[in-house]
Each structure stands twice: as C-alpha cells, then as structure tokens.
1. Being part of a helix (DSSP H, G or I) and modelled with pLDDT of 95 or more narrows it down to one residue among 570, 626; which is it?
2. Among the numbered criteria (1) modelled with pLDDT of 95 or more; (2) out of contact with any helix residue (DSSP H, G or I) (no Cβ under 8 Å at 6 or more places or on another chain); (3) outside any helix (DSSP H, G or I), which one does residue 24 miss?
3. Tell me which residues, restricted to the range 383-405, are touching a residue at least 24 places away in the same chain (Cβ under 8 Å) and surrounded by fewer than 21 Cβ atoms within 10 Å (Cβ to Cβ).
4. Could you tell me how many of the residues in the range 328-360 are within 28 Å of the chain's Cα centre (by Cα) and either under 18 Å from residue 148 (Cα atoms) or not in a loop (DSSP other than H, G, I, E, B) (or both)?
5. Give just the number: which of (1) at pLDDT 95 or above; (2) under 19 Å from residue 644 (Cβ atoms) does residue 361 not satisfy?
6. Being surrounded by 14 or more Cβ atoms within 10 Å (Cβ to Cβ) and more than 19 Å from residue 121 (Cβ to Cβ) narrows it down to one of 15, 31, 84, so name that one.
7. Is at least one residue of the range 374-381 within 26 Å of residue 442 (Cβ to Cβ) and surrounded by 15 or more Cβ atoms within 10 Å (Cβ to Cβ)?
8. Would you confirm, using the coordinates I've provided, whether residue 343 is surrounded by 16 or more Cβ atoms within 10 Å (Cβ to Cβ) and touching a strand residue (DSSP E or B) at 6+ places or on another chain (Cβ under 6 Å)?
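The values are calculated or read from the model by the stated rules, or taken from the named source; none is laboratory data. Note that the structure is a prediction, hence the values are computed from the model and not measured. Here the Cβ positions follow ideal geometry from the backbone for every residue, glycine too, while neighbour counts run over all protein chains shown.
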Ligand SMILES: Cc1cc2nc3c(=O)[nH]c(=O)nc-3n(C[C@H](O)[C@H](O)[C@H](O)COP(=O)(O)OP(=O)(O)OC[C@H]3O[C@@H](n4cnc5c(N)ncnc54)[C@H](O)[C@@H]3O)c2cc1C
C-alpha cells in the first residue's frame with residue numbers, strides 16, 4: 001500500500017495556512033459535547049490536553065507517574081530551537097526547515113518540517129507568556145546558543161534545565177484546566193490497549209497502578225503522546241519508565257509503525273562503567289558550543305591514558321587530534337549527532353579511546369575556561385558540570401570530560417499523516433511517540449520544538465476536522481468492543497502473572513539491550529542483523545517460558561508493570577531489526593556498514609529508499625507487512641550530506 005500523508009498542495013510557505021482554513025470547525029457550543037482522551041502528559045500530551053480543554057473539549061488525560069511533572073520531558077537539558085533570528089545571524093524559517101531536512105538525511109517530509117519551522121516562533125512566545133524563564137542576555141533579551149547541524153544560534157534555553165521549565169509551563173496550563181473541570185487527570189494509570197469500533201478509535205483500557213483495577217474509558221478520539229522507546233536498548237539516557245507499550249498496543253490494533261530502526265545515538269554521554277548500571281546520563285549537546293572534542297593522536301598515548309600513567313592535561317597539543325574540527329572545519333564540534341557519534345566510535349575502534357574501558361573520547365573546556373573564565377563557563381553549564389562531577393568523581397573544570405555515544409532518542413514511531421492522525425481514524429500520535437519530522441536523524445533541541453508544536457499548535461486545529469466529521473454522538477463503554485478489549489487485557493495480565501520461572505524480567509531486558517546495541521546500534525550489517533533476529537526470537541520464547549513475575553494484580557506491582565513493557569520491547573526489537581535489514585542503505589543514525597562513502601559517511605540510496613517504511617501488524621509471530629510512503633522533494637535538492 002502507498003500511504004497518503006495528506007500534505008496540502010501549494011507553495012511550501014502557504015501549505016499550513018491554507019490547510020488550517022480548509023479544515024472543518026467545531027463551533028464553540030458543540031465542543032463541550034466531545035470527549036478527547038490524551039494518553040501522556042509530558043510536553044506533547046500536556047500541551048495538547050491543556051490547549052484542547054482551553055478550546056472547550058472535555059479532556060481525559062492519563063499518565064503512569066504520580067504527577068504530569070514527572071514525565072521524561074523534564075530531563076531535557078540543552079534547549080529548544082526556534083527560527084526567531086534574534087541574533088541577526090542569518091536564520092529564517094526556511095533555514096530551520098532546510099537544516100532539519102538535511103539533518104534528517106533527507107528522510108523527512110518537506111510539508112511537515114516546514115510547518116514545524118513556521119510554528120517554532122510561536123512556541124517561544126507561548127512559553128514566555130506562561131512564565132518559562134528562558135536565559136536572557138545582559139540587556140534583557142532572550143539569549144540563544146548553537147546546537148548541532150546548524151551554523152546559526154537559534155536555541156532558546158533555561159540553563160541545563162530547559163525541559164523542566166517548559167514542562168512546568170505546560171503543567172500550569174494543564175492544572176488550570178483541571179481546576180476548571182475541563183481536564184480529568186488520571187495519574188498512576190497505565191494504558192494497556194486501544195478500543196476500536198468499526199475501525200475508529202473510541203477509547204482505551206487502563207490499569208490502575210495502585211489498585212490493579214482494569215478499567216475502560218471512552219472518547220470521540222484518542223491521542224497518544226507517550227514518548228519514545230529508546231529503552232528497548234536497556235541502557236539509554238531516557239527515564240527508566242519510558243517504554244513503548246501504548247504505541248505498541250496501538251500498533252497491534254492496526255496503527256502502522258514507521259521507521260522503527262531510526263535510533264539516535266547521542267555523542268556526549270557519560271560512558272558505561274559496568275554491568276551494574278540501569279541507565280546512562282547525557283551531557284547536553286550545548287556543551288559542544290564551548291567544549292572541544294578530541295582523542296590522542298596515537299595508540300601509544302591513548303594506552304598511557306588508559307593505564308593512568310598520564311592525565312589528559314599532560315597530553316601535548318601536538319599529540320591531540322581534534323577530530324571533528326579536523327574533518328569538518330565548517331561545523332567543527334557542532335556537526336549533527338549521528339556524525340559526531342560515528343567519529344567517536346571510529347577513534348575507539350582505532351585503539352585511541354580513553355578512560356579505563358577505552359570506550360571514551362574527551363570533551364575539553366580548558367580553552368573556554370581560559371578564554372571566558374571559570375565563572376562564565378559555570379554560569380552557562382554549571383549544573384551539567386556538577387552532575388558530571390557527582391557521577392564520575394572527576395572535576396571537569398580541571399580535566400576534560402570523558403564522553404561516549406549512547407542511545408538517546410527514537411525517530412521512529414507511530415505513522416501519522418500531516419494531521420497527526422495514524423492510519424486508524426480517531427487515533428492520533430504526538431511528540432516522540434510519532435515518527436514525524438526528524439527523518440533519520442533528529443537535530444539537537446528539535447524534539448521539544450516538535451512536541452510542543454504538535455501539542456500547542458497542530459492538534460488543536462487538525463482534531464476538529466475529524467470531530468466535526470463524526471459528530472458528537474456519545475460513545476458508550478457498554479459497547480461490546482470495550483468489554484472484549486478489557487478481557488484481552490485481563491488475559492494478558494494473567495499470562496504475565498503466571499510466569500513463575502527463574503530469570504528476572506530485568507535480566508531479559510538487559511539481554512535484549514545487549515543484542516540491540518551490538519547488532520542494531522551504531523553500526524549495522526546484513527549478517528549481524530540476521531543473527532540478531534534469531535537471538536531476539538529465542539530470547540522472547542525463553543521469556544514466556546522462564547521469566548519470573550512476582551506479586552499479584554491487585555496491588556502496586558512494579559514487577560508486573562515491567563514485565564508487560566519488556567514483553568513489548570521483545571516484539572518491537574525484532575521489528576527494528578527487520579526494518580534495519582530492509583533498509584539496505586545508510587541514512588542519518590541508520591548506518592549500514594555495507595553502504596558508506598569512501599570517507600566513511602552514510603551513503604543513501606535515494607532511488608530505492610526515499611520512502612517512509614510503515615509496518616503493519618499481522619498477528620503474533622507473523623511477519624509484518626511493509627507499506628511505503630514515498631517522500632517527494634519539491635523544494636530541497638537531494639545531495640550527499642556534507643558538514644565539511
Ligand atoms: C536526557 C535527555 C535530554 C534531552 N534534552 C533535550 C533538549 O535539550 N532539547 C530537545 O529538544 N530534546 C531533548 N531531549 C528529547 C526530549 O526530552 C523528548 O523527546 C521529549 O521530552 C519527549 O516528550 P513527549 O511529550 O513526547 O514524551 P514524554 O515526556 O516521554 O512523556 C510521555 C508521557 O506518556 C505517559 N505514558 C507513556 N506510556 C503510557 C501508558 N502506557 N499509559 C499512560 N501514560 C503513558 C508518561 O506517563 C508521560 O506522561 C532530551 C532527552 C533526554 C533523554
């Protein structure tokens with residue numbers, strides 16, 4: 001099937017305005033007759049729930065944490081992009097659009113990305129109006145810094161806590177609506193299935209994480225804003241609770257899953273220190289504004305560093321290889337993440353890695369401290385430096401940070417059209433849980449922009465079009481589809497609780513993570529992926545035989561919660577491998593060793609792979625079917641990406 005993304009016709013800059021005009025409206029008095037379910041109250045879902053309630057719809061919002069304030073979005077550090085051109089350095093909506101298409105290695109839709117750049121400017125105004133304390137320059141104007149893949153400064157930030165501040169903004173807007181009775185908030189509630197009637201999404205089934213009660217909820221539309229699935233790799237920079245369950249269960253009810261293999265591996269994370277770890281810590285990309293990335297020029301010097309015979313500051317300038325500055329003089333340390341990550345791996349593969357494990361390169365602030373002074377550096381990045389010190393017991397003001405790539409973000413997700421609708425009518429996906437705008441590699445500071453664009457500025461318009469079409473007739477949970485789906489959920493919960501083997505669910509998760517990282521991580525091959533597929537199938541079969549799930553349903557049971565999520569990861573992992581096998585080209589974060597330029601850069605095959613791969617579920621243990629959405633490039637010329 002060739003999928004229709006419903007991109008409006010016409011000039012790029014007019015598509016969104018014209019589309020908004022053409023969308024059907026629900027009149028203000030009728031809005032209160034519609035119920036909208038929003039699953040997820042991070043930045044995307046929180047923004048959507050607050051905005052839709054403000055418009056007059058009745059919103060039921062769900063999250064599995066004890067408060068929307070604990071969504072993973074709170075972890076976002078570095079900033080949010082917007083084409084305001086406050087720096088007068090040549091930025092524009094078109095440049096942000098262009099940088100994003102190029103950054104995603106020409107695997108995103110032009111129409112969507114242009115809209116994203118267009119509404120980016122409104123997001124900043126909206127957040128400032130909410131009181132988000134963005135950093136300001138001495139004169140009081142909003143400050144900017146640079147992020148990877150661009151040569152302008154367009155990133156708005158609140159120290160290293162941008163996500164937290166933005167989430168407090170969205171949360172206060174949401175709370176206002178809770179107070180007004182327009183949003184009913186269900187915390188500690190996990191969505192476990194979608195209910196469809198005549199092919200339309202009409203509700204969800206949830207489990208109350210305190211009491212274990214399995215309940216049904218109806219709505220005229222269901223919006224998923226449930227975040228990314230990077231934790232399929234076990235170790236990632238994501239919050240421990242981030243998972244794929246909501247999106248995966250929706251997938252099993254018919255929603256296509258797009259580009260699952262596109263994973264972002266972030267170059268500047270604190271390296272893995274051993275098998276005891278359950279998560280990894282990001283050192284924000286903003287640090288590459290002033291930090292310089294290097295590795296020793298020779299294996300000999302690297303060996304001395306690894307054996308701690310010398311310290312980094314004792315390595316002479318001539319013995320250092322500032323490899324990003326050397327290879328990419330135009331962008332230097334601010335090349336996109338996929339490029340920086342691959343180059344760090346190259347250094348390590350070359351025997352020039354540092355730290356006791358040898359799996360690290362340096363991020364050095366000595367020059368910046370010399371140039372700006374320690375206080376100025378601390379004012380910009382202080383909390384990140386503190387975090388690094390607390391985790392490693394090394395002082396980054398004195399010695400360079402050790403960094404290494406780690407799983408960070410998933411560009412894949414539920415397939416959505418221009419209206420953010422999945423292929424299941426009435427089911428929408430927002431934020432990181434959809435595949436939308438980042439192609440094969442997301443640029444830094446663009447996830448917050450996309451999540452908030454989806455929540456504040458896109459769905460409030462596009463949802464009305466669908467609701468006006470179906471009409472406000474109430475949806476009754478007495479419909480047999482609700483009871484049937486509820487029974488399916490209960491059966492699955494019981495199946496998990498019946499697992500009384502010997503291996504913990506966490507062990508399965510870790511084993512899966514090892515397979516994914518080894519064969520579907522930074523470098524992928526036909527042979528490795530084929531092997532991974534077999535390993536995942538065997539691991540999944542073993543899980544359903546030998547896993548141990550303790551406790552009961554009618555209680556707080558983190559083991560049960562985790563078991564459900566890991567079971568879904570064990571299925572998703574195989575689909576990611578299938579997708580990576582199918583895509584016999586390299587693009588962005590998807591690097592097939594068989595497809596690279598002589599300089600070792602990702603080599604695309606536009607003739608055969610300029611499409612979105614959207615997978616269709618066909619039943620347990622059945623091969624999924626690939627549907628394609630052809631990507632047409634009318635405005636940007638496809639070329640080999642270069643940051644030299
Ligand atoms: C360490 C770190 C730093 C980052 N820094 C930046 C940055 O500086 N700039 C940037 O642009 N991006 C950054 N990102 C990426 C960005 O933070 C995320 O992509 C973004 O916050 C995702 O927002 P979201 O609303 O889509 O999902 P989330 O914030 O993950 O929210 C998901 C919501 O869904 C709920 N949920 C999930 N499943 C269920 C279920 N089954 N039932 C009920 N509720 C459910 C959760 O409770 C939660 O409320 C960073 C990411 C990390 C890991």
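1. Numbers: 626 fails: part of a helix (DSSP H, G or I).
Sole residue among the options that is part of a helix (DSSP H, G or I) and modelled with pLDDT of 95 or more: 570.
2. Every listed condition holds for residue 24 apart from (2).
3. We begin by selecting, within the range 383-405, every residue touching a residue at least 24 places away in the same chain (Cβ under 8 Å); these are 383-384, 387-388, 391-392, 396-405.
Correct list: 383, 387, 391, 392, 397, 398, 399.
4. So the count comes out to 21.
5. Unmet for residue 361, out of (1) at pLDDT 95 or above; (2) under 19 Å from residue 644 (Cβ atoms): (2).
6. Working: 15 fails: more than 19 Å from residue 121 (Cβ to Cβ); 84 fails: more than 19 Å from residue 121 (Cβ to Cβ).
It is 31.
7. For the range 374-381, residues within 26 Å of residue 442 (Cβ to Cβ) and surrounded by 15 or more Cβ atoms within 10 Å (Cβ to Cβ): present.
8. Values: surrounded by 16 or more Cβ atoms within 10 Å (Cβ to Cβ): yes; touching a strand residue (DSSP E or B) at 6+ places or on another chain (Cβ under 6 Å): no.
When the stated conditions are applied, residue 343 does not pass them.
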